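Remarks on the structure that follows.
The values are calculated or read from the model by the stated rules, or taken from the named source; none is laboratory data. Just so it is clear, the structure is predicted and the values come from calculations on it, not from any experiment. As a convention, Cβ positions derive from the backbone with ideal geometry for all residues, glycine included, and neighbour counts pool all protein chains shown.
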């Protein structure tokens, strides 16, 4: 692409690099292809040179290039649950068709951005929860055109790099345990908070379940829950502090397995994951009673959207895992004074 100042008599058909005001009001907009009337108006305004851009053989214009890259990133928009939204000036937005998690392949995004400085791709963080219509990514060509070879390289590098993982579950059950015979039913705060966070992905909670904080009654509740929901959540009245604590042991007692305990996300450290009858089980940390984002959100959201979560995946959550601390936390990170 050629770029720079030229005399008016050489500017016809070129793209105006910077918007210019016209006599009597109005202006010629940036990117406009200049025609004879435009040049006459500029001459009348006393302009004798303008800065323009011209595509050379093999170059691809900004809008065409942006759309080509977006189609490479999302070859099957319907299947990927994404909408391609061209908006002009070398930009195409990629929007979520519904709720879900942004599936992004970071190495491919890096490769796209390495293809040419004028080719840019910006995305939300990997596995970010999306609302319907939310912007997952935007492609922006920051020049008026790019070399065709660079565009081909970017398209090849980014093939299928983006998608939305929609929810595959519609119902969850929350089992709460209560500590001490005199406490009666567990507080409904945890249930209300959990119902609200699950609703963002279209998941409802089954009837409330509350049992004593003991292995046998919790095992019975788990066995019953195995028949009624796709996701089983356990919120204990006393935090799970070991992989052999009450909740993990109750899960094993009823024939389930415990796959991993603990996570490098704060708040959210005291979480465990397991399985019962083919259904995922999440032992929630106490911070799940707060609406503040915590590690349990990341685990539950992935499970709801059929994204595999194992010990290795949880251990990789440490980068970015230092989250905002809940003001209700009983033992803050920093000591007073």
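Details
- Scanning region 179-190 for residues that are out of contact with any strand residue (DSSP E or B) (no Cβ under 6 Å at 6 or more places or on another chain) and at pLDDT 80 or above yields 179, 188, 189.
- Residue 263 satisfies every condition listed in (1) out of contact with any helix residue (DSSP H, G or I) (no Cβ under 8 Å at 6 or more places or on another chain); (2) in contact (Cβ under 8 Å) with a residue 24 or more places away in the chain; (3) farther than 19 Å from residue 217 by Cα except (1).
- Sole exception among (1) outside any strand (DSSP E or B); (2) farther than 20 Å from residue 140 by Cα for residue 6, by number: (1)
- Residues that are surrounded by 20 or more Cβ atoms within 10 Å (Cβ to Cβ) and over 15 Å from the mean Cα position of the chain (by Cα) were ranked within region 296-323; the one that is nearest to residue 205 (Cα to Cα) is 296.
- When residues of region 113-137 are limited to those that are in a strand (DSSP E or B) and in contact with a helix residue (DSSP H, G or I) (Cβ under 9 Å, 6 or more places away or on another chain), the one surrounded by the fewest Cβ atoms within 10 Å (Cβ to Cβ): 122
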